[in-house]
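To start, the structure under review is shown below, and the notes come after it.
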């Protein structure tokens, strides 16, 4: 007996809606599918890594941000991408731009990410090379902002280490590891001239470290650290000369004859206000110079105490009836002759020591 037509239509409609629901549920997962690890390889797969720092255009010490142009080179072997050079007539194929992106989307890649990158790159380029033995080389160049750590305790004689943290979050250390050989180290470099003209590049170092992900599996992270040094000679005139000019008031109080000194308090208070204004100028012109614990901040703070100490000593010798003053009338002149050298030289020695401490 044939089933009634309405029942057949009902069953067909039910199958149709189930197929649509299954496609809707499977669609996003299929879109998110990524190529699996290459077949026929021994795990963990070794990915050779190298990096070049092409430029550092800006470095903001207070916010801890650096604008850098970098180029990363990754190389791995994928047997599934090998081909016969005799049949193709080529030993390798090169792709750039959109062609490289399309080719990479169809094959396995380590999908390396820079953890401390801020936002999307301002610009970037991509190149891909595939060799007959299955060696895949990917070269990426990006210009982007990165979050870095800053240490201003030795400003303006400081060296900063700009560290980029690279990791492949898709694969644990049991599946993928980063390696560097002599060829990779030769490719790694840092530009000798930087757009940030107050800095000079010193070195580029790499450290491999292991950490544990959310699933308690070990992962490998690359720490690529670029060390840059501040050109301190650019800061001598705008920082130390105005500072010495403000504190020269103390030399007038110690060395000028009594008939020229007059009322010392207003002069000292004016110097204190000038020193406070100088501190604000430092912070606006050189962010982090005063707000962070630097030698400049220490010298400015010590300058307040120094000016007040000179004023108190001068007033004590001029107006106070200290012990022995009447019995030894030449005692004041002797003390003044001594403190003219001892107090300024002591202050200068402390400042020099704070600077030398930052250099060593």
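The values are calculated or read from the model by the stated rules, or taken from the named source; none is laboratory data. Keep in mind that this is a model prediction, so the values were computed, not measured. Positions of Cβ are backbone-derived with ideal geometry, glycine not excepted, and every protein chain shown enters the neighbour counts.
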Which numbered condition residue 80 fails, given (1) in a strand (DSSP E or B); (2) out of contact with any strand residue (DSSP E or B) (no Cβ under 9 Å at 6 or more places or on another chain): (1)
Condition check for residue 136: closer than 19 Å to residue 188 by Cα, surrounded by 18 or more Cβ atoms within 10 Å (Cβ to Cβ) and within 27 Å of the chain's Cα centre (by Cα): no
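For the structure I just gave you, tell me whether residue 204 is part of a strand (DSSP E or B) and surrounded by 14 or more Cβ atoms within 10 Å (Cβ to Cβ).
Spelling it out, residue 204 is indeed part of a strand (DSSP E or B) and surrounded by 14 or more Cβ atoms within 10 Å (Cβ to Cβ).
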Check on residue 303, under 38 Å from the mean Cα position of the chain (by Cα), outside any helix (DSSP H, G or I) and either in contact (Cβ under 8 Å) with a residue 60 or more places away in the chain or over 28 Å from residue 62 (Cα atoms) (or both): no
Check on residue 314, under 30 Å from residue 332 (Cα atoms), at pLDDT below 85 and part of a helix (DSSP H, G or I): yes
Scope the stretch 212-227; condition in contact with a strand residue (DSSP E or B) (Cβ under 8 Å, 6 or more places away or on another chain) and modelled with pLDDT under 90; matching residues: 212, 213
Any hit, the stretch 114-125, residues being in contact with a strand residue (DSSP E or B) (Cβ under 9 Å, 6 or more places away or on another chain) and assigned to a loop (DSSP other than H, G, I, E, B): yes
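Can you pull out every residue in the stretch 287-300 that is out of contact with any helix residue (DSSP H, G or I) (no Cβ under 7 Å at 6 or more places or on another chain) and either surrounded by 17 or more Cβ atoms within 10 Å (Cβ to Cβ) or assigned to a helix (DSSP H, G or I) (or both)? Steps first, answer last, please.
Kept after step one, since they are out of contact with any helix residue (DSSP H, G or I) (no Cβ under 7 Å at 6 or more places or on another chain), are these residues of the stretch 287-300: 287-288, 292-294, 297.
Hits for the stretch 287-300 are 288, 292, 294, 297.
Residue-by-condition table, conditions (1) closer than 26 Å to residue 36 by Cα; (2) assigned to a loop (DSSP other than H, G, I, E, B); (3) in the same structural domain as residue 282 (by TED's automatic domain parsing):
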{"site": "141", "(1), (2), (3)": "yes, no, no"}
{"site": "146", "(1), (2), (3)": "no, no, no"}
{"site": "150", "(1), (2), (3)": "no, yes, no"}
{"site": "154", "(1), (2), (3)": "no, yes, no"}
{"site": "165", "(1), (2), (3)": "yes, no, no"}
{"site": "171", "(1), (2), (3)": "yes, yes, no"}
{"site": "177", "(1), (2), (3)": "yes, no, no"}
For residue 112: the one exception among (1) over 30 Å from residue 63 (Cβ atoms); (2) crowded, with 18+ Cβ neighbours inside 10 Å: (1)
Some residue of the stretch 160-168 being over 21 Å from residue 65 (Cα atoms) and either surrounded by fewer than 20 Cβ atoms within 10 Å (Cβ to Cβ) or under 23 Å from the mean Cα position of the chain (by Cα) (or both): yes
Any chance residue 107 is over 29 Å from residue 294 (Cα atoms) and either part of a loop (DSSP other than H, G, I, E, B) or assigned by TED's automatic domain parsing to the domain that holds residue 294 (or both): yes
